[in-house]
Amino acid sequence: DQQVKQNSPSLSVQEGRISILNCDYTNSMFDYFLWYKKYPAEGPTFLISISSIKDKNEDGRFTVFLNKSAKHLSLHIVPSQPGDSAVYFCAASVNAGGTSYGKLTFGQGTILTVHP
Amino acid sequence: DGGITQSPKYLFRKEGQNVTLSCEQNLNHDAMYWYRQDPGQGLRLIYYSQIVNDFQKGDIAEGYSVSREKKESFPLTVTSAQKNPTAFYLCASSSGRDYNEQFFGPGTRLTVL
């Protein structure tokens, strides 16, 4: 039962253009969402997050959009740079009630390749 | 430098042997986690611990065991009961202020022959 899905295994974009990575979830209890970035042979690093009380959060070149009715979130990278080439994971958690303790559910990941 | 260390980076074991993966953090984080990553799949939570001497099963705890005797250490034992132990194992930690923002170690790739 895949509660968080990233249906695009890979994405290829040109340097300077926009990268859009998508993520869908099925569990309506999820109320906090994160994106992590992972380079080969390294652990993931936190990129950006959004609470379900918002529909957008921006941090420099990275913006996350949340559509609760569609149970969909997306990560926009503008402009894309070759150094952004990595695997991107979306993750979700249930924080209501204060008992999550960081129990994250991850998607399968999307490999982003940014060409110079 | 603060961070999370996992050792070794690569580990080979014979089928039927137990093996323990090390995870140490000097970030003074309360919570620690173990995840498993398989090709084409996301990270799946094995065990997590919010405080010393306490831990909970994650989504795929069968065949694994952990201990949390010290705040900075959270070793994972892959037992012979784990049917498919070959995988990439990641340890993470987070502070009590924000459990969701987790800091990951570099991982250990375990291959069972």
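What are the residues in the stretch A:61-86 that are buried (at least 16 other Cβ atoms within 10 Å of the Cβ) and part of a strand (DSSP E or B), if any?
Selection gives A:62, A:63, A:64, A:65, A:66, A:73, A:74, A:75, A:76, A:77, A:86.
Step by step: first the residues of the stretch B:64-79, then only those that are surrounded by 15 or more Cβ atoms within 10 Å (Cβ to Cβ) and more than 13 Å from residue B:21 (Cβ to Cβ), then the one that is farthest from the other protein chains (Cβ to nearest Cβ). Which residue is that?
B:72
May I ask you to verify whether residue A:114 is within 13 Å of chain B (Cβ to nearest Cβ) and of a type in the set (Val, Ile, Thr)?
no
Which residue is modelled with the lowest pLDDT, if the candidates are limited to the stretch A:15-58 and must be surrounded by fewer than 21 Cβ atoms within 10 Å (Cβ to Cβ), among the hydroxyl-bearing types (Ser, Thr, Tyr) and under 30 Å from residue B:10 (Cα atoms)?
Residue satisfying both the conditions and the ranking: A:39.
So which residues in the stretch A:21-35 are touching a strand residue (DSSP E or B) at 6+ places or on another chain (Cβ under 6 Å) and more than 8 Å from chain B (Cβ to nearest Cβ)?
Residues satisfying the conditions are A:21, A:22, A:23, A:24, A:25, A:30, A:33, A:35.
Scan the stretch B:40-54 and tell me whether some residue there is more than 14 Å from every other protein chain (Cβ to nearest Cβ) and touching a Phe, Trp or Tyr at 6+ places or on another chain (Cβ under 8 Å).
no
If you take just the strands (runs of 3 or more DSSP E) that sit entirely in chain B, which of them hold at least 3 residues that are of a type in the set (A, V, I, L, M, F, W, C)?
B:19-25, B:31-37, B:43-49, B:87-94
Looking at (1) surrounded by fewer than 16 Cβ atoms within 10 Å (Cβ to Cβ); (2) hydrophobic (A, V, I, L, M, F, W, C); (3) facing chain B (nearest Cβ under 8 Å), which is the only condition residue A:89 fails?
All conditions are met except number (1).
For residues that are touching a residue at least 24 places away in the same chain (Cβ under 8 Å) and more than 9 Å from chain A (Cβ to nearest Cβ), scanning just the stretch B:97-113, find the one that is farthest from the chain's Cα centre (by Cα).
Selected residue: B:113.
Take the conditions within 17 Å of residue B:104 (Cβ to Cβ), more than 11 Å from the chain's Cα centre (by Cα), surrounded by 14 or more Cβ atoms within 10 Å (Cβ to Cβ) and not acidic (Asp, Glu) and apply them to residue B:25. Does it pass?
For residue B:25, the condition - within 17 Å of residue B:104 (Cβ to Cβ), more than 11 Å from the chain's Cα centre (by Cα), surrounded by 14 or more Cβ atoms within 10 Å (Cβ to Cβ) and not acidic (Asp, Glu) - is met.
Out of the stretch A:1-20, which residues are part of a strand (DSSP E or B), of a type in the set (Gly, Ala, Ser) and either within 14 Å of chain B (Cβ to nearest Cβ) or over 13 Å from the mean Cα position of the chain (by Cα) (or both)?
Matches in the stretch A:1-20: A:10, A:12.
The values are calculated or read from the model by the stated rules, or taken from the named source; none is laboratory data. This one's a predicted model, so the numbers in the text were calculated from it and none came from an experiment. Virtual Cβ from ideal backbone geometry, glycine too; neighbours counted across all protein chains shown.
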